[in-house]
1. Among the numbered conditions (1) closer than 19 Å to B:Ala102 by Cβ; (2) assigned to a loop (DSSP other than H, G, I, E, B); (3) charged (D, E, K, R), tell me where A:Asp104 comes up short.
2. Does the range A:82-117 hold any residues that are at pLDDT below 90 and on the phi < 0 side of the Ramachandran plot, and which are they?
3. In the range A:21-37, what count of residues is obtained for those that are out of contact with any Asp or Glu (no Cβ under 8 Å at 6 or more places or on another chain), more than 9 Å from chain B (Cβ to nearest Cβ) and either of a type in the set (Lys, Arg) or surrounded by 13 or more Cβ atoms within 10 Å (Cβ to Cβ) (or both)?
4. Would you pick out the residues in the range A:1-44 that are part of a strand (DSSP E or B) and more than 18 Å from A:Glu68 (Cβ to Cβ)?
5. Tally the residues that are within 12 Å of chain A (Cβ to nearest Cβ) and surrounded by 13 or more Cβ atoms within 10 Å (Cβ to Cβ), restricting the search to the range B:5-23.
6. Which of the numbered conditions does A:Val47 fail, given that it passes all the others? Conditions: (1) in a loop (DSSP other than H, G, I, E, B); (2) over 19 Å from B:Gly103 (Cβ atoms).
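The values are calculated or read from the model by the stated rules, or taken from the named source; none is laboratory data. It should be emphasised that the depicted structure is a prediction, and the values quoted were computed from it without experimental measurement. When we count neighbours, we look across all protein chains shown, and the Cβ atoms used for this are built from the backbone with ideal geometry, even at glycine.
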Amino acid sequence: EPEVTQTPSHQVTQMGQEVILRCVPISNHLYFYWYRQILGQKVEFLVSFYNNEISEKSEIFDDQFSVERPDGSNFTLKIRSTKLEDSAMYFCASRPGTSGVGTDTQYFGPGTRLTVL
Amino acid sequence: GQNIDQPTEMTATEGAIVQINCTYQTSGFNGLFWYQQHAGEAPTFLSYNVLDGLEEKGRFSSFLSRSKGYSYLLLKELQMKDSASYLCAVSPSNDYKLSFGAGTTVTVRA
């Protein structure tokens, strides 16, 4: 069964450094999302992406964040200058988006645990 | 803003039934989703309701009342592996971004 994959599984970085989190969505999916979950808290929406552009972003997704789909398979989240409070689990998700049963459902990757020191 | 409420914790015995309630107040509505999340893992899709009524999938069922802003997830014939957090999520927009509740931790005891 196709899955969303994410790399790395765990990233440790120093405050102020740039990080890039990578995701490979399910191959025929059209809509892509990033969420984060701070330890012990709820899952929070960051950004949605469709047709090579951002369709919606949350207040969390400020100028320090950016997303890109550099080729036909990868979807990346970049944090330009990390802060301590960016420490969280970051989940990528994708959904089909075409008509039919199950097209509205998002499927999540295993996550990247980001630790900012 | 979006407001999604669900109980923090529930405990049940193996083989029993547990019902997890979720109430929501959101700026729009394009469907309600239930996900299961084991500790340290990704949310896994369980069910989706967009119309009022009951959706049944094996041991799991989900109900929606849009007029009441209310849903529940019913877990039958509980197994130890069902011990997890259950997340209620609403899609308030056409973009289908998800707004999550804080999750309900279900503990299944032998």
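1. With respect to (1) closer than 19 Å to B:Ala102 by Cβ; (2) assigned to a loop (DSSP other than H, G, I, E, B); (3) charged (D, E, K, R), A:Asp104 is out only on (1).
2. A:Pro96, A:Thr98, A:Ser99, A:Val101, A:Thr103, A:Asp104, A:Thr105
3. 9
4. Going residue by residue through the range A:1-44, those that are part of a strand (DSSP E or B) are A:5-7, A:10-13, A:19-24, A:31-37, A:43-44.
Scanning the range A:1-44 gives A:His10, A:Val12, A:Thr13, A:Gln37, A:Val43, A:Glu44.
5. 2
6. Single failed check for A:Val47: (1).
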